[in-house]
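Okay, so here's the structure we're looking at.
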Amino acid sequence: MSENKMKIPYKIYLSENEIPKQWYNLRADMKNKPAPLLNPGTGKPLTAEEMSGIFCKELVDQELDDTTPYIDIPQEIQDFYKMYRPSPLVRAYCLEKALDTPAKIYYKFEGNNTSGSHKLNSAIAQAYYAKKQGLKGVTTETGAGQWGTALSMACAYLGLDLKVYMVKVSYEQKPFRREVMRTYGAEVTPSPSTTTEVGKKILAEFPNTTGSLGCAISEAVEAAVTNDGYRYVLGSVLNQVLLHQSVIGLETKAALDKYNIKPDMIIGCAGGGSNLGGLIAPFMGEKLRGEADYQIIAVEPASCPSFTRGTYAYDFCDTGMICPLAKMYTLGSSFIPSANHAGGLRFHGMSTTLSQLYDDKLMEARAVEQTSVFEAAEQFARVEGILPAPESSHAIRVAIDEALKCKETGEEKTIVFGLTGTGYFDMVAYEKFNDGEMSDYIPTDEDIAKSVAKLPKVPGQE
Ligand SMILES: *Cc1c(COP(=O)(O)O)cnc(C)c1O
């Protein structure tokens with residue numbers, strides 16, 4: 001085993017030429033396709049025409065395309081990718097040693113750009129199509145701020161205007177990320193705000209709300225529809241975002257293939273599901289085509305457990321209930337995680353693609369508590385050198401748990417996990433943890449039942 005160990009470097013890099021030139025569309029290989037988005041007014045599947053009032057034309061085509069397995073990455077996007085890709089696949093030798101585990105652990109590190117996360121992979125693609133369509137600008141929401149930062153970078157690069165609605169609690173607790181966005185030229189508004197009708201309505205009903213992603217989405221969509229030459233872009237959940245994020249999985253697979261490594265287990269954190277959907281794409285493709293088998297695990301916060309405690313049903317993607325309906329594992333669009341929740345991954349629902357795969361039992365999910373997530377983050381940071389984002393640390397938690405199981409059983413499993421980003425802007429949360437002031441809040445069945453009871457009435461859904 002130690003000889004084998006010697007052969008695999010700490011970092012498996014690909015060359016610039018090995019950056020994927022096409023995205024992989026996992027839906028093409030799914031027998032049970034993800035359910036279509038519905039128009040909340042008619043209850044019918046959204047048409048391309050209806051969608052094009054909200055989204056850019058080419059992104060609408062990608063959203064609706066369930067059949068084309070490979071989609072060319074435009075040259076301009078490939079060139080942008082070259083600034084910060086390929087990202088390294090790291091063999092976590094130091095973590096393995098610290099855990100004294102026979103497991104072989106690898107992580108795909110997406111934090112090596114200013115946004116500090118994988119979100120730039122889709123931001124540049126969405127901004128590119130907006131620019132190509134001749135739009136003036138785009139609107140979006142951001143939670144912790146990684147998506148807003150990524151999109152600000154992409155919009156600055158292409159000369160597009162950007163209006164960001166930032167969840168109020170993050171706007172206040174994360175001034176640094178807010179200022180990074182403004183440095184890149186974005187206009188940042190705390191949400192809920194009085195700049196939109198939906199924001200005013202939410203504030204009237206919940207004057208002390210610290211905001212939620214769902215609420216910020218409502219405001220950003222309204223701003224897109226009411227401003228000429230603007231469209232709305234979203235950093236997760238949508239099929240198009242998973243498509244763009246497939247570069248993560250394609251690079252991971254190419255790197256593993258160089259050394260003939262076949263993972264037993266692929267682990268990723270899941271907020272809206274984009275990094276996980278991207279990381280697992282080529283592996284899930286093999287699984288769907290019956291060519292290989294992998295254990296695939298989504299990790300979510302116990303305080304926002306869409307997969308493990310949600311309901312698979314049509315729901316709004318936003319709190320304001322103006323967005324299309326998506327069939328997904330959801331806690332209900334009015335679900336807002338408790339204010340002490342610090343670890344990101346706050347969205348109430350989950351990508352329709354991943355929801356279908358989970359419902360078909362092609363992947364598993366685990367919910368973990370935030371103090372155990374920060375313990376894992378710290379343990380990882382101390383031996384691997386990278387200060388991980390709290391979101392990413394959900395995946396670290398389960399990777400460590402699985403590696404420790406291998407220690408007990410003596411199995412030499414190969415574990416791959418997605419290290420989606422860095423946590424430099426999350427030091428308020430780390431401070432809480434370091435001061436022993438972080439607590440775990442797990443919603444009661446009652447809490448969840450309350451928001452699930454408000455699921456929209458859709459034909460065929462009781
Ligand atoms: C946004 C984000 C996530 C979660 O989003 P997904 O769409 O579920 O991937 C995870 N990690 C980091 C660092 C993020 O910024």
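ALA130: surrounded by 19 or more Cβ atoms within 10 Å (Cβ to Cβ), within 15 Å of the ligand (Cβ to nearest atom) and touching a residue at least 24 places away in the same chain (Cβ under 8 Å), yes or no?
no
Scan region 145-157 and give yes if some residue there is surrounded by fewer than 21 Cβ atoms within 10 Å (Cβ to Cβ) and more than 14 Å from the ligand (Cβ to nearest atom), otherwise no.
Yes, because at least one residue in region 145-157 is surrounded by fewer than 21 Cβ atoms within 10 Å (Cβ to Cβ) and more than 14 Å from the ligand (Cβ to nearest atom).
Kindly state which strands (runs of 3 or more DSSP E) lie completely within region 100-201 and contain at least 2 residues that are of a type in the set (A, V, I, L, M, F, W, C), under 22 Å from the mean Cα position of the chain (by Cα) and modelled with pLDDT of 95 or more.
Per the criteria, 104-109, 161-167.
Right, LYS413: assigned by TED's automatic domain parsing to the domain that holds PRO301 and more than 23 Å from THR308 (Cβ to Cβ) or not?
Judged against the criteria, LYS413 is not a match.
So is GLY272 crowded, with 24+ Cβ neighbours inside 10 Å, farther than 13 Å from LEU357 by Cα and within 14 Å of the ligand (Cβ to nearest atom) or not?
Yes; evaluated as a whole, the condition is true for this residue.
Tell me which residues, restricted to region 226-269, are within 12 Å of the ligand (Cβ to nearest atom) and polar (S, T, N, Q).
SER236, GLN245
Which of (1) touching a residue at least 40 places away in the same chain (Cβ under 8 Å); (2) closer than 19 Å to MET166 by Cα; (3) within 16 Å of the ligand (Cβ to nearest atom) does THR139 not meet, given it meets every other one?
(3)
Any idea which of (1) surrounded by fewer than 16 Cβ atoms within 10 Å (Cβ to Cβ); (2) at negative phi; (3) assigned by TED's automatic domain parsing to the domain that holds TYR157 is the one ASP79 doesn't satisfy?
For ASP79, the exception is condition (3).
Only one of these conditions is not met by ALA204: (1) more than 21 Å from HIS348 (Cα to Cα); (2) touching a residue at least 40 places away in the same chain (Cβ under 8 Å); (3) surrounded by fewer than 23 Cβ atoms within 10 Å (Cβ to Cβ). Which number is it?
(2)
Taking region 225-266 as the search range and keeping residues that are acidic (Asp, Glu) and in a helix (DSSP H, G or I), which one is nearest to the chain's Cα centre (by Cα)? Break it down into steps so the answer makes sense when it comes.
First pass over region 225-266, keeping only residues acidic (Asp, Glu): 228, 251, 257, 264.
Now narrow it down to the ones that are in a helix (DSSP H, G or I): 251, 257.
Numbers: GLU251: 17, ASP257: 25 Å.
Within region 225-266, the match that is nearest to the chain's Cα centre (by Cα) is GLU251.
Please find, within region 381-397, the residue that is nearest to the chain's Cα centre (by Cα) out of those that are closer than 27 Å to ASN340 by Cβ and away from the ligand (no atom under 14 Å from the Cβ).
ALA381
The values are calculated or read from the model by the stated rules, or taken from the named source; none is laboratory data. What you see is a predicted model; the values in this text were computed from it and never measured. All Cβ positions, even for glycine, are placed from backbone atoms using ideal geometry, and neighbour counts span all protein chains on display.
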